[in-house]
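The structure appears right after this line, and notes come after that.
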């Protein structure tokens, strides 16, 4: 059964059987909340869950990135991502961003991730696209 951590602006779900983390964001999302969500992901089971995960899905469908900047994405996120990559160098990240602004910011994050890591990343606009992609990548 998947484990779940609830926060005011995000829900973290870890499906151990599929080795999938899902971060579902809601409301006005700033960089600090994104950092808190990723810290929760990193701390689950003392980092053991992240070390064995195959996928991280971040869903921004119900969120507005009102206080994100390109500097947040390009500079500050690299520190966090480097820490996570040290725990697991082979995760695939899927970002769901239906709105143009968020899509553009997440494409920048995708470029940042791929420039400093061996992680694979994908940016999609809908949950259906994400589900289809995950199914194709897992063969399930």
Are any residues in the range 92-121 closer than 13 Å to residue 56 by Cα and surrounded by fewer than 18 Cβ atoms within 10 Å (Cβ to Cβ), and if so, which ones? 120
Looking only at the range 120-140, how many residues end up being outside any loop (DSSP other than H, G, I, E, B) and in contact (Cβ under 8 Å) with a residue 12 or more places away in the chain? 12
Among the candidates 50, 87, 44, 23, which residue alone is touching a strand residue (DSSP E or B) at 6+ places or on another chain (Cβ under 7 Å), surrounded by 13 or more Cβ atoms within 10 Å (Cβ to Cβ) and modelled with pLDDT under 90? 44
Going through the range 87-119 in order, the residues found to be in a strand (DSSP E or B) and either over 13 Å from the mean Cα position of the chain (by Cα) or under 25 Å from residue 46 (Cβ atoms) (or both) are 92, 93, 94
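The values are calculated or read from the model by the stated rules, or taken from the named source; none is laboratory data. Source: prediction; values computed, not measured. Neighbour counts are summed over all protein chains in view; Cβ atoms, including those assigned to glycine, are modelled from backbone coordinates with ideal geometry.
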